[in-house]
Amino acid sequence: MLGATAVLQLVVYIATSSVALLADLIHNFGDALTAVPLGAAFLLRSPSAERRAGYLVVLAILVSALVALWQSVERLLSPEHIDHLPALALAGCVGFVGNELAAQVRLRAGKRLDSTALIADGNHARTDGLVSLGVVASAGVVAVGLDVADPLIGLVITLVILRITWQSWRTVRGDHVHH
Ligand SMILES: [Zn+2]
């Protein structure tokens, strides 16, 4: 589901070239990709493999944050006009709904299984949903004529992703292997 969200956001990014959406999209792609090593490690029932997969996840999120940072700064320095604002707002809404649904599934399962890692994942997805709302905000502010809002919101999204990176790092180092 998150993969489908990321693909739809990619299509809208190509049409709009919104850097706020790009930051959200890179991060959602990273999240979708990291489900693969985590799932594999879980199926192998190997705590050490799961821990290594966890470090890979943190690395992927960190790289996504750095790419988003670089793109936002570049866009601040050389502004670009953004088009197709309704599609941009829609892409943000889809990201919000997709992540919020994922958050609810994980938080419910995490509480049932008493899994710190799953609850951390759920909180992460909920944060991602709020990040997607930032894309909707970007479409709104650009619509009233403030093009600079898009890279600024891209920077804010980058900061949120860096915070997620830090929280994921703590989860992996601490309680990640206990299911
Ligand atoms: Zn995320």
**OP:** Enumerate the calculated ³J(HN,Hα) couplings along the stretch 43-56 in order (Karplus 6.51 cos²θ - 1.76 cosθ + 1.60, θ = phi - 60°), each rounded to whole Hz, writing x wherever the residue is Gly or Pro.
**Re:** 5, 6, 6, 10, x, 6, 5, 5, 5, 4, 4, x, 5, 4
**OP:** In Å³ and rounded to a whole number, note down the convex hull volume per residue for the Cα atoms of the chain.
**Re:** 87
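With a cut-off of 8 Å between alpha carbons and a minimum separation of six or more residues, what is the relative contact order of the chain in percent?
33
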Original post:
If you keep only loop residues by DSSP, which trypsin sites (Lys or Arg not before Pro) in the stretch 3-79 have at most 12 other Cβ atoms within 10 Å of their Cβ?
Top reply: 45
Original post:
Could you put 29, 42 in order, starting from the residue whose Cβ has the fewest other Cβ atoms within 10 Å?
Top reply: 42, 29
Subject >> Sorted by Cβ neighbour density within 10 Å, fewest at the top, the residues 26, 14, 157 >> reply: 14, 26, 157
Original post:
From the backbone phi of the stretch 85-92, what are the Karplus-calculated ³J(HN,Hα) couplings (6.51 cos²θ - 1.76 cosθ + 1.60, θ = phi - 60°) in whole Hz, Gly and Pro given as x?
Top reply: 5, x, 5, 4, 4, 5, 4, x
**OP:** Compute the signed sum of charges (Lys and Arg +1, Asp and Glu -1) over the other residues within less than 15 Å, Cβ to Cβ, of residue 62.
**Re:** +2
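In debye to the nearest 20, how big a dipole does the chain give about its Cα centre with +1 on each Lys and Arg Cβ and -1 on each Asp and Glu Cβ?
Values: 12 positive and 13 negative charges, 172 e Å.
My answer is approximately 820 debye.
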Subject >> Extension gain (nm, one decimal) between residue 63 and residue 104, 0.36 nm per residue minus Cα-Cα >> reply: 12.1 nm
Original post:
Along the stretch 109-124, what does the Karplus equation 6.51 cos²θ - 1.76 cosθ + 1.60 (θ = phi - 60°) give for ³J(HN,Hα), rounded to whole Hz, x for Gly and Pro?
Top reply: 5, x, 6, 5, 8, 6, 9, 4, 5, 5, 5, 4, 4, x, 5, 4
Original post:
How would you rank 86-96, 131-141, highest first, on the average number of other Cβ atoms within 10 Å across their residues?
Top reply: 131-141, 86-96
Original post:
How far is the Cα center of the stretch 79-145 from the Cα center of the stretch 28-63, in Å?
Top reply: 21
**OP:** Under a 10 Å cutoff between Cα atoms, tell me which one of 23, 41, 65 has the largest fluctuation in the Gaussian network model of the chain.
**Re:** 41
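Bear in mind that the values in this text are calculations on the coordinates, not laboratory data. Not measured: the values here are computed from a predicted model. No Cβ is skipped: glycine too gets one built from the backbone with ideal geometry, and neighbour counts run over all protein chains shown.
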